[in-house]
Structure formats: C-alpha cells, structure tokens
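J.: Below: one structure in structure tokens.
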Amino acid sequence: MSRANGTVLIIGGGTFGLSTAYHLAKAGYRHITILEKAATIPSPLSAGTDLNKIVRAEYEDPFYAELALAAIAEWTSNPLFAPHYRQVGYLLGNSASAPEKSRTSLAKSLASIQNHPAFAGQITPINSREDIRSVAPALDGSMDGWVGYFNRLAGYVRSADALRAMYNAVKGLGVQVTLGDAVVSLDYNDNRCIGASTESGRHYTADTTILTTGASVANLLPSIGQQVTGRSWAIAHIQLTPEEAAKLQGIPVTYSRDLGFFFEPDPTGLLKVSPSGSGYTNKNKLTGISVPPEDNNFIPPAEDEAIREVLREHLPSLSERPLVNTKICWCADTADTDYVIDFVPGKERLIVVTGDSGHAFKMLPLVGGWVKDVLENGKQDIARWAWKEGNSAGGEVSWRVGKSKDLKDDS
Ligand SMILES: Cc1cc2nc3c(=O)[nH]c(=O)nc-3n(C[C@H](O)[C@H](O)[C@H](O)COP(=O)(O)OP(=O)(O)OC[C@H]3O[C@@H](n4cnc5c(N)ncnc54)[C@H](O)[C@@H]3O)c2cc1C
C-alpha cells in the first residue's frame, strides 16, 4: 500500500494541526481526519486564534532566522497566505529602564539579520526620539531613552483569518474534520498507537496518529510533561474610535522588549496589546505538569497594570481606556525553545508536534512539511526537534524578562 493511502489522524485543529493536514493533503494523502475539541475552527482554544501574530525573522539563532525568512516568502507570495499578511515593519527596542538581559537579547537578534543579504537596506537603527518619529510618527508617547531598530522586512499576520483560510483549504483538499468532540485518550494495541477515543464515545483508528494539541499536549501524553510546559501570557484590546484607528493605520508592530508590544488596529478598530514577561503556568500540584485551565477569558490582576504601562510609554492617551476581550493565551514551552516534531519513543505510529515556545505561528505555511518529512523518513533527523528525554521544561529563555509565575499564586 502506498503511504498516501494510509489513514492519518490529526488530533487538534490549531496552527500545527492545520498545517500538517494541508501539507499531507497537498502531497496526495487521501485519508486524513482532524479531530478538534472546539466547535469551530479557528478554535477559541488555539493560541493562533487571535487578531494578529508577529512575523519576523530576527532570531538569536540563525537556524530559525533562515526558517522564518522562508516563511516570510510564503506569507508574501502564496495566494493562500498573502491576503492575511501585513508587512508594516517591526520596531523593536528597549525602554530606558530595560534590564541588561533584555538589551543583550536585542543585540543578538539584530546581529542575526544585520549582515544578512536578505535584510540589506531594510534595517534602520533607532537611537533618538527623532528616529522613532521618522518611522512611526503616530506613536506620541515619550519613549524617552528608547533604543533599538526598525526592520522593514517584517510585520504581522491576521492569524485567526489565516487559520480560517487554512481550514477552508484543507476541507477543499478532502480532509475530514470533526468539531466539538474532544479526544480523551489515545488508543494502543500493546505499544502501537491505533487511534484515539473522544468524549462522545467515538473511536477513530488510523495507521498514523499525529498529536497537535498545543499547550494541552500533556493531557493526552503525560510523559511529554517532562519537556513541555503549558505557559500563558495576557492579551487585551482597546476599542478605538474610527478617527483614532485611522491615525494608527500602518504603524509598525512595536515591541519594547522589556514592556510589551502592540499592533496596527484591526478593521473594526481593535488595538491588541500584550505585556512582556515570563508568563504564567497552571501546574498540577501533584504532577508538576502545566496545562491550560478550562476558562482562559481573564488576565491576572498584575497584567492589567503591565498593559497600561506599555500604553503609557507609546500611546499615553489610550492608557486609561477599558480593556476588552481580555484573555490568557497558551503556548507549549520547551527549555531550549526548540520545537518537538518526532515519533514518541516506545510508542509506534505516534508522532507529536509541539513545543512551539511562543514563536511558531509565523511558521504556519511550513510546519506541516516538516511533519511530513518525519512521517516519511520514519524518524526525526534534525536533532534539535527530536524528543528530548529529561529535558526538563521551564528553562531560562533569553528574550524573556522577569520570572515565570503560576496562576494559582497570582489570583
Ligand atoms: C501570548 C502568545 C503570543 C504569541 N505570539 C506569537 C507571535 O507574535 N508570532 C508567532 O509566530 N507566534 C506567536 N505565538 C505562538 C503561536 O501562537 C503558537 O506557536 C502556535 O499557535 C502553536 O500551534 P499549536 O498547533 O501547537 O497549538 P494551538 O494553535 O494552540 O492548537 C492546539 C489545538 O488543539 C486543540 N485541542 C486541544 N486539546 C484537544 C483535545 N483533547 N482534542 C482535540 N483537540 C484539542 C485546541 O482546540 C487547538 O485548536 C504566540 C503564542 C502565545 C501564547
């Protein structure tokens, strides 16, 4: 039997799951089923279901910088993705009070692109208020002592829209999708994974099962809790008037490494703001494993003030406005921030795709191709994306400031 005739079960219809279904279906796989817990795609539980996500290729690590450049090429040229991408540029810097760690991280990410031929003529150093005005005149905060750079070869994607487009594309390619029925267990015959069972009592069998449940991955595969930690950050929005929104059209994605970031308003006038920090876990006291709780439509009290601090620095007239559509958004964090795309050791025919570490939405056009390689090679050849036994999750991430907290300690 040719591999493309085999049955593939993808559990989770978020960023990684949809990309995987897309690449496999495009390659001729004919029997693909996605099982998604939420009643809709984009799923409200997916980290990608958001107004926007940053697309940038500066990484401290050239490996990801090259991948992100390849992703940007898709965002700009592929008709499936291009309508959702806005190349407004990326204004990245540190406020006057940023800690040394934040400055070092910024210097490293600049180094990753500064001499790269793809960025020739795209980078402008920002060392004064006048420099900021020249690239983002609509930002009227003091930004006193703010230094960094402006990168034109970057922007953001309207991420929920991109997921919707991907969902329509996979359905058009014949992928079966079951919504609103959570997978409650993986099913095994000895050590061979033979499929999954859902809350409603249905059993799905498959030749290959691919687990793409994001920050919730340890619910179905507890052993991965040793290397992946569910971690969340606050997201909030300000509803602008049409006049205010018009003033901010075309602003770059603006990220003060030590404070937080915000985006151009969406077509309905919503401005998304997110604070920096090292995020919040939701650890089970007995197992130490962190997965999202059921309700994520709130932000920890301290994050309200952190969001207002971002606004005071850049857009002070908005800093006392009501915050709307607040939520915490979850990623699957690894200690080294590398993804995990591999067969699960000791379990046949089960692939796990996780460990996004908060930087994988931009890879939506590409991830599924990497999963297909693993499926067809029968193993992961890229060591950094392999299953890492005992790689205890929750290490110190160079681009994050402050300490990670647990939701239970901050309520
Ligand atoms: C605060 C925040 C900001 C971010 N900003 C950026 C950014 O600016 N740029 C960028 O590139 N990336 C960003 N990311 C990262 C990006 O959103 C993630 O890398 C990406 O969404 C991870 O994809 P995933 O498929 O692993 O998980 P998800 O997209 O979360 O998808 C998981 C899916 O699994 C489903 N599911 C869960 N449990 C079950 C079950 N039992 N049965 C069936 N289905 C289930 C969920 O409903 C969901 O649809 C950010 C992440 C966070 C948390």
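The values are calculated or read from the model by the stated rules, or taken from the named source; none is laboratory data. Just so we're clear, the structure is a prediction, and the values are computed from it rather than from any experiment. Reconstructed Cβ throughout: ideal geometry from the backbone, glycine too, with neighbour counts over all protein chains shown. Note: accessible area is taken over every heavy atom of the protein model, side chains too, but ligands, DNA and RNA are not part of it. Shrake-Rupley method; radii C 1.70, N 1.55, O 1.52, S 1.80 Å.
J.: What's the number of the condition Ala107 fails, among (1) outside any strand (DSSP E or B); (2) in contact (Cβ under 8 Å) with a residue 40 or more places away in the chain; (3) within 16 Å of Tyr255 (Cβ to Cβ)?
T.: The single condition Ala107 does not satisfy is (2).
J.: Related question: For region 259-306: of the residues being touching a residue at least 40 places away in the same chain (Cβ under 8 Å) and at positive phi, which is surrounded by the fewest Cβ atoms within 10 Å (Cβ to Cβ)?
T.: Filtering region 259-306 for residues that are touching a residue at least 40 places away in the same chain (Cβ under 8 Å) and at positive phi, the one surrounded by the fewest Cβ atoms within 10 Å (Cβ to Cβ) comes out as Gly288.
J.: Now for a separate question. Among (1) buried (at least 22 other Cβ atoms within 10 Å of the Cβ); (2) at pLDDT below 95, there is one condition Gln226 misses while meeting the rest; what is its number?
T.: Looking at each condition in turn, Gln226 falls short on (1).
J.: Which of the residues that make up region 27-71 are of a type in the set (S, T, N, Q) and open to solvent by less than 40 Å² (accessible area, probe 1.4 Å)? Even if it seems obvious, please write down each step before you answer.
T.: Our first condition is that a residue be of a type in the set (S, T, N, Q); within region 27-71, this holds for 33, 40, 43, 46, 49, 52.
Across region 27-71, the qualifying residues are Thr33, Ser43, Ser46, Thr49, Asn52.
J.: Among the numbered conditions (1) loosely packed, with under 13 Cβ neighbours inside 10 Å; (2) within 13 Å of the ligand (Cβ to nearest atom), tell me where Asp144 comes up short.
T.: (2)
J.: State yes or no: is Glu244 within 25 Å of Ser276 (Cα to Cα) and either open to solvent by 50 Å² or more (accessible area, probe 1.4 Å) or more than 23 Å from the chain's Cα centre (by Cα) (or both)? If you could, list the steps in order and put the result at the bottom.
T.: Working: within 25 Å of Ser276 (Cα to Cα): yes; either open to solvent by 50 Å² or more (accessible area, probe 1.4 Å) or more than 23 Å from the chain's Cα centre (by Cα) (or both): yes.
Criteria met by Glu244.
J.: Would you kindly identify the strands (runs of 3 or more DSSP E) lying entirely within region 153-216 that contain at least 1 residues that are on the phi < 0 side of the Ramachandran plot and loosely packed, with under 14 Cβ neighbours inside 10 Å?
T.: Details: elements: 155-157, 176-179, 183-189, 192-198, 203-205, 208-211.
Counting at least 1 such residues, we get 183-189, 192-198, 203-205.
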